[in-house]
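Peer 1: The structure under discussion is supplied below as structure tokens; questions concerning it will follow.
The values are calculated or read from the model by the stated rules, or taken from the named source; none is laboratory data. Every value quoted in this text rests on a predicted model; they were computed, and no experiment measured them. Cβ: placed from backbone, ideal geometry, glycine included. Neighbour counts: every protein chain shown.
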Amino acid sequence: MTSHPPIQVTGLRRRYGGFEAVAGISFEVAEGELFALLGTNGAGKTTTLETLEGFQPAHGGTVRVLGRDPYRERRAVRPELGIMLQEAGFFADLTVAETIDHWSGFTPRPRPRDEALDLAGLHEQAGVRTRQLSGGQKRRLDLALALLGRPRVLFLDEPTTGMDPEARRATWRTVRDVVAGGTTVVLTTHYLEEAEQLADRLAIMHRGRIEVSGTVAEVVAGHGDRIAFRMPDRLQVADLPALHGVTPAITVDARRAVAAYGIAPGGLQPALDELLAWAADQEVVLDGLQARSASLEDVFLHTAEGMAA
């Protein structure tokens, strides 16, 4: 066990010409922890991952993986890493089993082929050429290869893209098992449910900076709750009540105006009671009424929209 976190990032900066893709971010990932790095396209997630993986150097700040610079000391670090890129290339005419055998020849301490097939759920496809695999099956093979060397640190860049819901949940189970076994994981994903399900902690990036970080509960806390309903036909926006002093935002969904209130933490039930009393007094039905706590999606959208404003 290391005496320091397996991943330490301090003031990381990375440029492409005059464009600063990563603008001084800092975070740590503990042993046996899954850390999700979220953000819009172009936020700097993949650049950050590529720097941690040792594919490119930092232009500022420091990056340490297992106590070493992953770029300058790549030969020492690489055998301890598992890397699942957004896109990986296979030899099209090799079968799944042959692909695993081929990679095993370059991998220290490789798992047996059958164990790798189990991890990917690809036993039935063992004799299928990789060019004949579906997109989701190729991603599962990518994961098996990333786990082939029993890595201490695993990088997953959009691991479930192209998978159907059943395969995605099977992959989540595999990742949970890997983390439970002590592997440190850094994940990027556009599926916010995936981050909610898997992450011990997460960070949301925008334009090269980390804007929000913490556990899912910590990130969501403070963003309030939401009440929404379709506008009654006979009422105008000016007729709607202010709930706890909050006026609604109006959007259009399927050609119907929708009123949505952002409610401060702890105020959901009193605001809902107030709204229902108003509706009874007005003798209107609140079609499509929803009342729910804030979600990671709310925080993500607020961060992206707020930073863009």
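Peer 1: Mind checking which residues of region 104-116 are modelled with pLDDT under 95 and either among the hydrophobic types (A, V, I, L, M, F, W, C) or in contact with a Ser or Thr (Cβ under 8 Å, 6 or more places away or on another chain) (or both)?
Peer 2: Residue satisfying the conditions is Phe106 alone.
Peer 1: Any residue at all in region 229-236 that's more than 30 Å from Glu33 (Cβ to Cβ), exposed (fewer than 12 other Cβ atoms within 10 Å of the Cβ) and charged (D, E, K, R)?
Peer 2: Scanning region 229-236 turns up at least one residue that is more than 30 Å from Glu33 (Cβ to Cβ), exposed (fewer than 12 other Cβ atoms within 10 Å of the Cβ) and charged (D, E, K, R).
Peer 1: Now a separate question. Of these, Thr215, Thr184, which one is in contact with a Pro (Cβ under 8 Å, 6 or more places away or on another chain) and either of a type in the set (Ser, Thr, Tyr) or free of Cβ contacts under 8 Å to residues at least 12 places away in the same chain (or both)?
Peer 2: Of the residues listed, the single one that is in contact with a Pro (Cβ under 8 Å, 6 or more places away or on another chain) and either of a type in the set (Ser, Thr, Tyr) or free of Cβ contacts under 8 Å to residues at least 12 places away in the same chain (or both) is Thr184.
Peer 1: Of the conditions (1) without any contact (Cβ under 8 Å) to a residue 12 or more places away in the chain; (2) under 30 Å from Arg13 (Cβ atoms), Ala203 clears all except one; give me its number.
Peer 2: (1)
Peer 1: Look through region 135-167, keep the residues that are touching a residue at least 40 places away in the same chain (Cβ under 8 Å) and at positive phi, and return whichever of them is surrounded by the fewest Cβ atoms within 10 Å (Cβ to Cβ).
Peer 2: Arg150
Yes/no per residue for (1) in a loop (DSSP other than H, G, I, E, B); (2) in contact (Cβ under 8 Å) with a residue 40 or more places away in the chain; (3) surrounded by fewer than 15 Cβ atoms within 10 Å (Cβ to Cβ); (4) outside the structural domain of Arg209 (by TED's automatic domain parsing):
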residue	(1), (2), (3), (4)
Gly11	no, yes, yes, no
Ile25	no, yes, no, no
Glu31	yes, yes, no, no
Glu50	no, no, no, no
Arg72	yes, no, yes, no
Arg78	no, no, no, no
Gly82	no, yes, no, no
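Peer 1: Pick from region 10-34 the residues that are of a type outside the set (Lys, Arg) and touching an Asp or Glu at 6+ places or on another chain (Cβ under 7 Å): which of them is nearest to Asp157 (Cα to Cα)?
Peer 2: Leu34
Peer 1: Looking at region 94-109, is at least one residue in contact with a Lys or Arg (Cβ under 8 Å, 6 or more places away or on another chain), hydroxyl-bearing (Ser, Thr, Tyr) and not in a helix (DSSP H, G or I)?
Peer 2: Checking region 94-109: at least one residue is in contact with a Lys or Arg (Cβ under 8 Å, 6 or more places away or on another chain), hydroxyl-bearing (Ser, Thr, Tyr) and not in a helix (DSSP H, G or I).
Peer 1: Okay, moving on. Determine if region 178-188 includes at least one residue that is in a loop (DSSP other than H, G, I, E, B), touching a strand residue (DSSP E or B) at 6+ places or on another chain (Cβ under 8 Å), crowded, with 20+ Cβ neighbours inside 10 Å and of a type in the set (A, V, I, L, M, F, W, C).
Peer 2: Looking through region 178-188, none of the residues is in a loop (DSSP other than H, G, I, E, B), touching a strand residue (DSSP E or B) at 6+ places or on another chain (Cβ under 8 Å), crowded, with 20+ Cβ neighbours inside 10 Å and of a type in the set (A, V, I, L, M, F, W, C).
Peer 1: Residue check, Gly121 against (1) more than 29 Å from the chain's Cα centre (by Cα); (2) buried (at least 17 other Cβ atoms within 10 Å of the Cβ), all met but one. Which one?
Peer 2: Tallying (1) more than 29 Å from the chain's Cα centre (by Cα); (2) buried (at least 17 other Cβ atoms within 10 Å of the Cβ), Gly121 fails exactly one: (1).
Peer 1: Would you kindly identify the strands (runs of 3 or more DSSP E) lying entirely within region 215-309 that contain at least 1 residues that are of a type in the set (Ser, Thr, Tyr) and in contact with a helix residue (DSSP H, G or I) (Cβ under 9 Å, 6 or more places away or on another chain)?
Peer 2: In region 215-309, 256-263, 290-293 are the strands (runs of 3 or more DSSP E) which contain 1 or more residues that are of a type in the set (Ser, Thr, Tyr) and in contact with a helix residue (DSSP H, G or I) (Cβ under 9 Å, 6 or more places away or on another chain).
Peer 1: Something else about it: For residues in region 222-236 being within 37 Å of the chain's Cα centre (by Cα) and either basic (Lys, Arg) or at pLDDT 90 or above (or both), which is farthest from Ala280 (Cα to Cα)?
Peer 2: Arg226
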